[in-house]
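Reviewing the structure listed below.
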Amino acid sequence: MAFTTTQGNAEYVRQGALGVGDIYTGRRKYSLSDLIVMQERSYAKLDNILRAEAKVINVDDPEPKVLTMQEAPVKFDVSVASSTSGLGPDDDTVGIGDAQALFLQAGDILQCPDIFCDAAGTNYSTTKFASGYTPETMIVKSVQLSGLSAGNALVRVMRGNGAEPTSGVTQLATTMDLIHMGNALADGGNAPNPVSFEPTDVQNYCQFFSKTWGVTDSEMPINVYGKMTPAQRAEMKRREFFRQKEYAYFFGRKAVLTQSGGAKQWMTGGITEFVPAAADALDGVTRLIDFGGAFDLNLLREKTEIIYRYGNANQMKHWFCGGKFFTALYNGLEKFIHVNDEFSKRYGWAVYELELGHGIAMLHRHPLLTDQATATNEYGYDCIILDLEYVKLMNYIDVTVKPNVQTAGSHKTINEIFCQNGLWRTFPSAHAYLFGITG
């Protein structure tokens, strides 16, 4: 027989009376041995919001598309500087890309916000409102596609607010823009030609999400402390299921992979992937916004102006904040942040409201961004900003529980929770990602 001097072990030997710590651990009857506590955080906030807001659409194909119609351009880029060569004193030719020039026709009025002239169009300046001058307007006389070079239309304009300038006319440079201000029809003239253009589409995918839980036939009858019931296992997997979906909705990449056998595996794109950089944004300004330093209220308002340039008419966006971002925001704006009772009761967690001048921010503190944080990239100071008008939950197969998915003849029981969902994403410039706040 092997005796031991290790306190609390079997065969422990000591001189004197035994104390509580000396009793063999395996023989002790501990209190509350059947109480199982789920340690978790509220993760599926975006999924819950999409369902609570009724922003759910049912699709009948795992590769749904969204048709989008872009606005007709109002701002036109000067691609080739203006010239007066071979023209009368009142006319210039200016180059505009063919794709934009298709929206112009004779009689249209253009304004140059970089050139200022007097009412008669005889005196010019490039200094803003110099001598009381106002931005110059001009009338389009003709448009010839690729008239200057391949892809650059020759647009002939009457300069100087419709007058006939004789000298000192400032050249329209390629750094300048022209603003379309409607048209001016001659008395008794014909209506302008219609300008029609086709919509485009945005591809989306519905991803298959699945979690299983099970028990073997030999485990089922055994009696142990803290044995998890099938219902408890199902609850644990359900929460893990929605937690992983949340990562896909925020940081997923849209792709369709094909296995060697030809089977397709869809991945839904996350909102972060959809947020445009400068080259893809509608106004040429990136929505991946680097704060670039310590929190500053004035700088936040400047960034907010960009965030709220496009979006729903109510100017309300939902901000999913990392814990450190929320702390920085609260430290600087505590007096102006308050709990929105209506949204808090609707969603089941505290939703804070902040009016930033350019729009309203509904603040949700989301632990997902804390989990994203690494030693080299601090996601806790980040914030994902969504316009829910342009984000919906697509259901191809809604969340379903399927019992007994084990193979026939196996000595176990396996159940599954699964769905095939995706994010319906459109209007990239309405969303944003704010990062780069330092501690």
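Below is a table of values for the structure above.
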{"read-out": "Heavy-atom accessible surface of the range 250-384: percent carbon and sulfur, 1.4 Å", "value": "49"}
{"read-out": "Cut-off 13 Å between beta-carbons: net charge of the residues surrounding Ala313, Lys and Arg +1, Asp and Glu -1", "value": "-1"}
{"read-out": "Accessible surface of the range 159-234, 1.4 Å probe, proportion on carbon and sulfur as whole %", "value": "53"}
{"read-out": "Carbon/sulfur fraction of accessible area - the range 1-90, other protein chains in place, 1.4 Å, %", "value": "50"}
{"read-out": "Modelled FRET efficiency - R0 30 Å, Thr212 with Thr370, Cβ distances, 0.05 increments", "value": "0.60"}
{"read-out": "Accessible surface, the range 226-352, averaged per residue in Å² (probe 1.4 Å)", "value": "52"}
{"read-out": "Solvent-accessible area per residue, Å², over the range 105-218 with all protein chains present [probe radius 1.4 Å]", "value": "53"}
{"read-out": "Simple label model, 7 Å out from Cα along Cβ direction - Lys128 to Ser260, nm", "value": "6.4"}
{"read-out": "Mean projected area (nm²) of the alpha-carbon convex hull when the chain is viewed from all directions", "value": "37.0"}
{"read-out": "Under-5 Å amide H pairs with Ser79, H placed in peptide plane, nonlocal only", "value": "Gly95, Ile96, Gly97"}
{"read-out": "From phi via Karplus (6.51, -1.76, 1.60), per-residue ³J(HN,Hα) for the range 67-80 in Hz, x at Gly/Pro", "value": "7, 10, 10, 7, 5, 5, x, 10, 9, 10, 8, 7, 8, 9"}
{"read-out": "Residue-by-residue Karplus 3J(HN,Hα) for the range 399-412, coefficients 6.51, -1.76, 1.60, Hz, glycine and proline x", "value": "4, 9, 9, 10, x, 6, 8, 5, 5, 4, x, 7, 8, 6"}
{"read-out": "Cut-off under 5 Å, modelled amide H: who pairs with Val351 long-range", "value": "Asn340, Ser344"}
{"read-out": "Length released on extending from Arg238 to Arg51, taking residue separation times 0.36 nm less the Cα-Cα span", "value": "65.7 nm"}
{"read-out": "Residues whose placed amide H lies under 5 Å from that of Ala184, excluding near-sequence neighbours", "value": "Asp108, Ile109"}
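The values are calculated or read from the model by the stated rules, or taken from the named source; none is laboratory data. Owing to the predicted nature of the structure, the values given are computational and were not obtained by experimental measurement. Virtual Cβ from ideal backbone geometry, glycine too; neighbours counted across all protein chains shown. Side chains included, ligands, DNA and RNA excluded: accessible areas come from the protein's heavy atoms. Shrake-Rupley method; radii C 1.70, N 1.55, O 1.52, S 1.80 Å.
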